[in-house]
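The values are calculated or read from the model by the stated rules, or taken from the named source; none is laboratory data. All figures in this text were calculated on a predicted structure; none of them were measured in a lab. Quick reminder, even Gly has a Cβ in these numbers, built from the backbone with ideal geometry, and neighbours come from all protein chains shown.
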Amino acid sequence: MGTFEGQTAVITGGGTGIGAAIALALAKEKASLCLIGRRPEPLESVAESARELGVDATCFPFDLGNKTDQTELAQRLTRDLRQVDVLVQNAAIYVPGPVDHASLEDFDRHYQINVRAPYFLTQALLPMLKARRGQIVFINSSGGISAKPLCSQYDSTKHALKAIADSLRGEVNAAGVRVLSVYLGRTASDMQARIHKQESKPYRPELLLQPKDVASVILNALTVSRTAEVTDIHIRPMIKSAAI
């Protein structure tokens, strides 16, 4: 038996990078998967790998930056799922820019994907999570702790995500629900490759956090005895360098 056998995990941004690594780590422990993301092809690729491990995996291709999609997704999940044991809020976007002329359209999309979508989805699934004494994981960032130049839009949404998680924890612990925030440094991913390109830096993924290592740490936190709750995890690349 796997550690999560008989459990259902819902993962946003589950088609690539950290989300895919967490999904497959949970699948190896026999959790059924619900994978959410904008592009169906990567989702289906992860789902097929999960099915090869002997678990059910369903794809929900929705754009979390769209309010209509957010509503339809929540309706589908609450209609189709019998239970939710683990909710991983991983989907996010990052568009840098100085405050004096950063696009307000970009700011709105940051808010929709990085703040409103996880808030709305958590709200919709909370009754099922409470019924199962479930667990919620918010994939945050070092930007959720300290804001950096050119990152006001992204970092402000990650600060908001921290506030949501901290407030929620105090509301749901009594119902047996645990809430974990994970504050990541630079992690090898498609997003990080784009960021390096924007910064005119060489992309060397071997120097960054690896998605599988992030997934391993999260699974350890989710399986800690119910006499404890891991609330905040900070993970950084081992090699600290201006080049990364």
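Restricting the first residue to the range 34-55 and requiring it to be over 14 Å from Val10 (Cα atoms) and exposed (fewer than 15 other Cβ atoms within 10 Å of the Cβ), which pairs with a second residue that is modelled with pLDDT of 95 or more and of a type in the set (D, E, K, R) meet a Cβ separation below 9 Å and a spacing of at least six or different chains?
Short answer, once both residue conditions are applied: Gly54/Lys30.
Restricting to the range 172-187, count the residues that are over 15 Å from the mean Cα position of the chain (by Cα) and in a loop (DSSP other than H, G, I, E, B).
2
Out of Pro202, Pro237, I need the residue that is modelled with pLDDT under 95, over 25 Å from Gln112 (Cα atoms) and touching a strand residue (DSSP E or B) at 6+ places or on another chain (Cβ under 9 Å). Which one?
That would be Pro237, the only listed residue that is modelled with pLDDT under 95, over 25 Å from Gln112 (Cα atoms) and touching a strand residue (DSSP E or B) at 6+ places or on another chain (Cβ under 9 Å).
Please list, ordered by residue number, the helices (runs of 4 or more DSSP H) wholly in the range 5-119 having 3 or more residues that are within 25 Å of Gln210 (Cβ to Cβ).
The qualifying helices (runs of 4 or more DSSP H) are 17-28, 40-52.
Kindly provide the set of residues from the range 1-36 that are on the phi > 0 side of the Ramachandran plot and in contact with a helix residue (DSSP H, G or I) (Cβ under 9 Å, 6 or more places away or on another chain), ordered by number.
Residues satisfying the conditions are Gly13, Gly17.
I'd like the full set of residues that are of a type outside the set (S, T, N, Q) and loosely packed, with under 11 Cβ neighbours inside 10 Å, limited to the range 200-242.
Pro202, Glu206, Arg226, Ala228, Met238, Lys240, Ala242
Looking at the range 105-125, is at least one residue closer than 18 Å to Ile195 by Cα and either in contact with a strand residue (DSSP E or B) (Cβ under 6 Å, 6 or more places away or on another chain) or among the aromatic types (Phe, Trp, Tyr) (or both)?
Yes, there is a match, as at least one residue in the range 105-125 is closer than 18 Å to Ile195 by Cα and either in contact with a strand residue (DSSP E or B) (Cβ under 6 Å, 6 or more places away or on another chain) or among the aromatic types (Phe, Trp, Tyr) (or both).
Pairs, please: C-beta under 7 Å, at least 6 apart or cross-chain, first residue closer than 30 Å to Gly2 by Cα and in the range 56-79, second assigned to a loop (DSSP other than H, G, I, E, B) and of a type outside the set (Lys, Arg)?
Leu73/Phe62
Step by step: first the residues of the range 73-107, then only those that are of a type in the set (Asp, Glu) and over 22 Å from Thr16 (Cβ atoms), then the one that is surrounded by the most Cβ atoms within 10 Å (Cβ to Cβ). Which residue is that?
Asp85
Can you go through Leu219, Leu161 and tell me which one is assigned to a helix (DSSP H, G or I), touching a helix residue (DSSP H, G or I) at 6+ places or on another chain (Cβ under 8 Å) and under 22 Å from Val95 (Cβ atoms)?
The unique qualifying residue is Leu161.
Which residue out of Asp190, Asp166, Asp213, Asp155 is closer than 18 Å to Thr16 by Cα and modelled with pLDDT of 95 or more?
Sole residue among the options that is closer than 18 Å to Thr16 by Cα and modelled with pLDDT of 95 or more: Asp213.
Working only within the range 108-147, note down all residues that are surrounded by 19 or more Cβ atoms within 10 Å (Cβ to Cβ) and closer than 13 Å to Ser181 by Cβ.
Pro118, Thr122, Gln135, Ile136, Val137, Phe138, Ile139, Asn140, Ser141, Gly143, Gly144
For the range 171-187, check the following and say yes or no: at least one residue is modelled with pLDDT under 95 and of a type in the set (Gly, Ala, Ser).
Checking the range 171-187: at least one residue is modelled with pLDDT under 95 and of a type in the set (Gly, Ala, Ser).
Of a type outside the set (S, T, N, Q), assigned to a helix (DSSP H, G or I) and under 25 Å from Val84 (Cα atoms): does that describe Lys197?
So Lys197 fails the test.
What is the residue count in the range 148-191 for residues that are crowded, with 19+ Cβ neighbours inside 10 Å and among the polar types (S, T, N, Q)?
5
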